[in-house]
Amino acid sequence: MIAQRILIVEDEKSLANLLRDYLGQAGYEAACIHNGLEAVPAIREQSPDLVLLDIMLPGRDGMAVCRDVRGFSNVPIIMITARVEEIDRLLGLELGADDYVCKPFSPREVVARVKAVLRRARDVSADAAADIELDESRFQARLHGRKLDLTAVEFKLLQILSSAPGRIYTRGQLMQRMYPDRRIVSDRTIDSHIKKLRRKLGSASPGEEAIHSVYGVGYKFELEN
Ligand code: CA
């Protein structure tokens, strides 16, 4: 089995090395970087299976990094914070992080969190995969086995949303993912595609709501079980 790769973004080198050693012992392949500016390029290049991301970093802070990463990737992110009071703020910001650990922590606790987050990410995508099938080569989608007649844009939207069930995407994040060339489209464009996509999902599975609006924030994909 190939080891899962963890990227540690932490400027306290001794702490980063300690985490790397513990994760290595637990069977992961861990690498460290110590500067916030290097984080986004490293995540793009290495596409790790999980990122441990400190908030207070030189160059670029962890919150900005997290926001940027969510523009192109669903990689599980565990934020590391030195202040308990920051947790509420983190949760309120809807950054799209998967979990948080507070300093000081035991490396063992961090390893346990990493395992749990990776397991959850795998289970969630397996569950959703059973209900929704996407064939990228033909832009064909099925919900509970029923074929959906989607445009390429609707297919892409569904693909992004359903790749991380339960995760809230802001309109800005959706636009960034849909139009990486930064073509200018308005929020309304996203809303109107969502509306059409919802109608099509609704006719394939009457009474079930797959795409949920989160007031003032954006949208998420979630099937009721
Ligand atoms: Ca730090």
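The values are calculated or read from the model by the stated rules, or taken from the named source; none is laboratory data. It should be emphasised that the depicted structure is a prediction, and the values quoted were computed from it without experimental measurement. Backbone-built Cβ (ideal geometry, glycine too); neighbour counts: all protein chains shown. Side chains are part of the model used for accessible areas, which takes the heavy atoms of the whole protein and leaves out ligands, DNA and RNA. Shrake-Rupley method; radii C 1.70, N 1.55, O 1.52, S 1.80 Å.
Here are some notes:
- GNM top mover of Val114, Val84, Val51 - the chain, alpha-carbon springs below 10 Å: Val84
- Here the Karplus relation 6.51 cos²θ - 1.76 cosθ + 1.60, evaluated at θ = phi - 60°, turns the backbone of region 138-144 into coupling constants of 10, 6, 10, 10, 10, 10, 6 Hz, with x for every Gly and Pro.
- The residues of the chain present an accessible area of 53 Å² per residue when probed at 1.4 Å with all protein chains retained.
- With every protein chain in place, the chain: carbon and sulfur % of accessible area (1.4 Å): 49
- For the chain, adding -39500 (n - 2.57) for each run of n ≥ 4 DSSP H residues and dividing by the number of residues yields -15000 deg cm²/dmol at 222 nm.
- For the chain: lysine pairs under 17 Å (alpha-carbon distance), excluding those fewer than 8 apart on one chain: 11
- Length added when fully stretched, Arg5-Arg120, from 0.36 nm per residue minus Cα-Cα: 39.8 nm
- The separation of region 49-90 from region 148-205, counted between C-alpha centres, amounts to 25 Å.
- Contact order for the chain, expressed relative to its length and based on alpha carbon pairs under 8 Å spaced 6+ residues apart, stands at 14 percent.
- Using a Förster distance of 41 Å, the FRET efficiency for Phe139-Asn35 (Cβ separation, nearest 0.05): 0.55
- When the P(r) of the chain is calculated, the portion above 33 Å amounts to 22% of the C-alpha pairs.
- For region 113-202: rounded, prolate or oblate by the Cα gyration tensor [a/c cutoff 1.5]: oblate
- Assigned charges on the beta-carbon of Lys, Arg, Asp, Glu; the chain dipole about Cα centre (debye): 660
- Around the Cα centre of region 136-221, unit charges on the Cβ atoms of Lys, Arg, Asp and Glu (plus for the first two, minus for the last two) sum to a dipole of about 100 debye.
- Listed peptides 52-62, 203-213 by packing density, highest first (mean Cβ within 10 Å): 52-62, 203-213
- Mean Cβ count within 10 Å, highest first, over the residues of peptides 131-138, 96-103: 96-103, 131-138
- Summing +1 for each Lys or Arg and -1 for each Asp or Glu among the other residues whose beta-carbon sits under 13 angstrom from that of Gln25 gives +1.
- Subtracting the Cα-Cα distance of Glu85 and Gln176 from their residue separation scaled by 0.36 nm leaves 29.7 nm.
- Note, ³J(HN,Hα) from phi for region 189-201, Karplus 6.51, -1.76, 1.60, rounded to Hz, x at Gly and Pro: 4, 4, 4, 6, 5, 4, 4, 5, 4, 4, 4, 5, 5
- For region 178-225, the set of chymotrypsin sites (Phe, Trp or Tyr not before Pro) satisfying both a DSSP loop assignment and a count of at most 16 other C-beta atoms within 10 Å is given as Tyr215.
- Using a probe of 1.4 Å on the protein chains alone, the accessible area found for Thr170 is around 40 Å².
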